[in-house]
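K.L.:
Structure below; questions to follow.
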Amino acid sequence: MYQAAGSQLILEYTVQQSEPPTSGSGLGWDSPESVRTPLVAPLGSPLRDRLEVRRALLQAISDPAAAANGLHVVLGMAGSGKTALALTVFDEAVTGRGVVGLWVNASDRSSFRSGMLAVAHDRGAAQQEVDAAREGRRPDADLVWHYLDRSPEPWLLVLDNADDPSVFRHSAWLRSSSRGIVLVTSRLQDATEWRRAARHSLDVLDVSSAVDVLRDLTISTEDSAKLELLARRLGCHPLALSLAGAYLGRQLLEPVSVDEYLKRLDTDPSLLDRGAAPGEQELRRLITGTWQISLDAAADQGVPEALTLLRLLSFFAAAPLPVGVLAPARLDSTRLTHADPPLTGERANLALEQLKAHSLVSLIDASAGAEHAAVRSVQAHPLLLETVSSRIPVDQRALLLESATDLLSRLLSTESDRYVDPHTLRLFTPHASALLGNAAAHRADAATASALAVVRALRDQSYVRGDYATTHALADDAVRVTGNDGTAEALTDQHEHGRALAALGRFDEASAAHRATLEAREALLGADHPDTLASAHALGISLYGLGQWAEDELYMRRAAEGRVRVLGAAHPDAIDSRGRLAEAIGQQRRWDEARQLAAENLAQSEQALGDDHPHTLLSRIALAWVLAGVGEWEEAAVHTRATLEGSERVLGADHPRTLAARQRLADVLSHLGQWPQALEAAQAVRDARQRVLGREHPHTLSIEIVLVRILRSTGRAPEARELAVHTLDVCVRVLGNDHPDTLACRAEHRAALGDVE
């Protein structure tokens, strides 16, 4: 009845029906079982970490009227624990804060709308009002928020798994209220619907929290080191940790150790999914399934290429991959247009956007060093890459691997006389290794050959630059693939592996590797082949590092005389071997012979190669060392300074050869009585070697022996004693009791102790 100004209009109507209406009948959806109880799997482990997010949410829940924002979104990759966080906060709010908890599944429109209308009913809406909204006779969102705003009790409304923001109808459902807090969980990072919300991003757990999760799941009998190994292997991913822990905890008939589990996981990544209980086999409780939900969503949004791009990325390392690799023109030069689904350069940006939007990858600015701008890169969790790679159809693997290796080899290709710059080398090394390992594992011959060429090129460039740790890692990769081939190329891989070991100071292993390679090259190529002579040279260097100078002389003489005969006296390799031979002779106190050979060799190198050629620098420092050995310190200082200046100019201040020249200068200056300059040089070398080579590298120990003597001679006896005690302990452990450097260190140790006493 409506009445205005004394007049009345009366409308009457009746509705006839044969039976009372059934709530929701004929509407095509079911009402939720409950909005007061979260219908999600219970937590197998208490929520670990996430303390700041929990604190912020609970503070807002305690006083929603005073909260800075009533709408909160928890974002993160699949399986990162968003629902677990929401469930923990929900329980704490309901049991400890006197708050009404409301939980709605927001994964699809039907479930969400039905759940929200049930929320309205819970907050006081009459059934007729709910039915009217359900049937479209009144605005549904307005009805729900009318009753939420007038709720007699404060509330927390969780909208879980909101991975499709379209369910919110352009934010019509997302509002703030002074009576409660809305908490949304989503893997979608950049939705416009979140623009007014307070955002909380979840990453993986820290290692200690990850270990706690594993202990919670009844595998606490394992020691912490093994649990930490498993946690790191799983990338501290919350869902993966829960599945692994549950699997290990349920093996009643035949318990499985962490070691055994790791072995099985290496061969079958799908083992993780077997940790889900029989009643939890829905996609969100499986590692492989939870990624698939996002990929299916991308396909539903018209970007099926996201799947192909993610498969392509899964063959690279989990390290940041510069986006330049994925330039459209480069993608179009591969066979990716024949993939299923096909990927073109034109659609690549859309595919990457979808992967980023669904938290499958992130875009970061990877550091390229202090002197270079950061490099825009794409990165994914290692577990994601591993599980995606394991599920690629067999008929797609070779195509994708060949495309990936082609992208990398094209990007890193340079002119024959140029190297890629150091920061590019550092960024791409892990990806070259990963591609080679994946190509070899899948027996993709063309991709293996392409990746092997890249690994070899980066290995050789790393050695020249003095980055021996990277050299060794790449050399290991190559030998792992070609070690049993027996070809000349495979023997070159073994040779380079031995050189990397020697550069790292692992002289025992290096000498064994070079002996084996030398024998194999003699049998395959002949005694005078340049490669065979290179093995003799490398073996001599390793023996020098062991202090076995007579045997070093034997092999270095063979290399020097053979190279002069085969390559000519002016060849850089011949000059290198002759300089090393002079040092081996000098170490045996045949100074006149060593001096004559070193002087002739330097003259030959200067004439043939020039003053600043790396081999001329080696020849000059060899002569300086011999001159110091015969006590001609002034002349030794002249050659040492010239070598140091040239090495800094040609190789850089931190190159191992530059540091060797600076160490020689420190020793020469100390014998000339120039103690402050000697101390400065020695400390600079020690600091650089500790940073570049490590604290226990033989070259680091050798400069510390020199530094002990300098400290003692400048009256800094306590420092000298402390350093002597430390260095001798490491020398004995690393080099052995009888190594010449250990003997020299022991002498300095005795002198330092005597000075203190």
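K.L.:
Sort 165-173, 356-364 by the packing proxy (mean of other Cβ within 10 Å over each peptide's residues), most packed first.
P.N.:
Going by the mean number of other Cβ atoms within 10 Å, highest first, we get 356-364, 165-173.
K.L.:
Give the value in nm², to one decimal: projected area of the alpha carbon convex hull of region 639-757, averaged over all directions.
P.N.:
If you wrap the Cα atoms of region 639-757 in a convex hull and average its projections, you get 6.9 nm².
K.L.:
Order 136-142, 495-501, 100-106 from most to least packed using the mean count of other Cβ atoms within 10 Å.
P.N.:
495-501, 100-106, 136-142
K.L.:
Given 0.36 nm per residue, what is the gain on full extension from Glu551 to Val207 after removing their alpha carbon distance, in nm?
P.N.:
Contour length minus Cα-Cα distance gives 118.9 nm.
K.L.:
Translational diffusion coefficient of region 115-217 at 4 °C, 1.567 mPa s, Stokes-Einstein with Kirkwood Rh over Cα pairs, in µm²/s as a whole number.
P.N.:
82 µm²/s
K.L.:
Which whole-Hz couplings ³J(HN,Hα) result when phi for each residue of region 599-608 is put into the Karplus expression 6.51 cos²θ - 1.76 cosθ + 1.60, θ = phi - 60°, listed in order with x for Gly and Pro?
P.N.:
Each residue of region 599-608 in turn: 5, 5, 5, 5, 4, 4, 5, 4, 5, 7 Hz.
K.L.:
Which stretch or stretches of region 422-450 have amide N atoms under 11 Å from the point lying 7 Å from Thr267's Cα along the Cα→Cβ direction?
P.N.:
none
K.L.:
Among [x] -0.40; [y] -0.28; [z] -0.49, only one was calculated for this model; which label is it, if the read-out is log10 I(q)/I(0) by the Debye sum over Cα atoms at q = 0.05 Å⁻¹?
P.N.:
After the calculation, the listed value that fits is [x].
K.L.:
Stretch Val725-Ala277 to full length: gain in nm at 0.36 nm per residue minus the Cα-Cα span?
P.N.:
155.5 nm
K.L.:
Under a point spin-label approximation (7 Å from Cα along Cα-to-Cβ), what is the Arg750-Asp142 distance to one decimal in nm?
P.N.:
10.0 nm
K.L.:
Also, I was wondering about something else. Go ahead and run the numbers for FRET between Arg589 and Glu634, Cβ-Cβ distance against an R0 of 25 Å, rounding to 0.05.
P.N.:
That gives a FRET efficiency of 0.70.
K.L.:
Apply the Karplus curve 6.51 cos²θ - 1.76 cosθ + 1.60, θ = phi - 60°, to the phi angles in region 116-124 and return the couplings in whole Hz, x for Gly and Pro.
P.N.:
5, 5, 5, 4, 4, 4, 4, 8, x
K.L.:
To continue, here is another question. Add +1 for every Lys or Arg and -1 for every Asp or Glu among the other residues with Cβ under 12 Å from the Cβ of Ser201, and state the total.
P.N.:
Taking every other residue near Ser201 into account, the sum is +1.
K.L.:
Continuing with this model, one more query. Calculate the length of the line joining the C-alpha centroid of region 579-646 to that of region 530-546, in whole Å.
P.N.:
The two parts, judged by their Cα centres, are 19 Å apart.
K.L.:
So what J values fall out for region 666-677 if you push phi through Karplus, 6.51 cos²θ - 1.76 cosθ + 1.60 with θ = phi - 60°, rounded to Hz, Gly and Pro as x?
P.N.:
Each residue of region 666-677 in turn: 4, 5, 5, 4, 5, 6, 8, x, 8, 5, x, 5 Hz.
K.L.:
Which order do peptides 53-66, 232-245, 631-644 fall in by mean Cβ count within 10 Å, highest first?
P.N.:
In decreasing order of mean packing, 53-66, 232-245, 631-644 become 232-245, 631-644, 53-66.
K.L.:
For region 349-407, report the translational diffusion coefficient in µm²/s to the nearest whole number, using Stokes-Einstein at 4 °C, 1.567 mPa s, and a Kirkwood Rh over Cα pairs.
P.N.:
95 µm²/s
K.L.:
Modelled label-to-label distance, Glu648 and Arg335, 7 Å Cα→beta-carbon offset: nm?
P.N.:
The answer from the label model is 5.3 nm.
K.L.:
Averaged across orientations, what area in nm² does the convex hull of the alpha carbons in region 287-459 project?
P.N.:
Directional mean of the projected Cα hull area for region 287-459 stands at 9.7 nm².
Computed from the coordinates by the stated procedures, all read-outs in this text should not be read as laboratory data. Predicted, not measured: the structure shown is a model, and the values here were computed from it. Glycine gets a Cβ as well: all are built from the backbone with ideal geometry, and neighbour counts include every protein chain shown.
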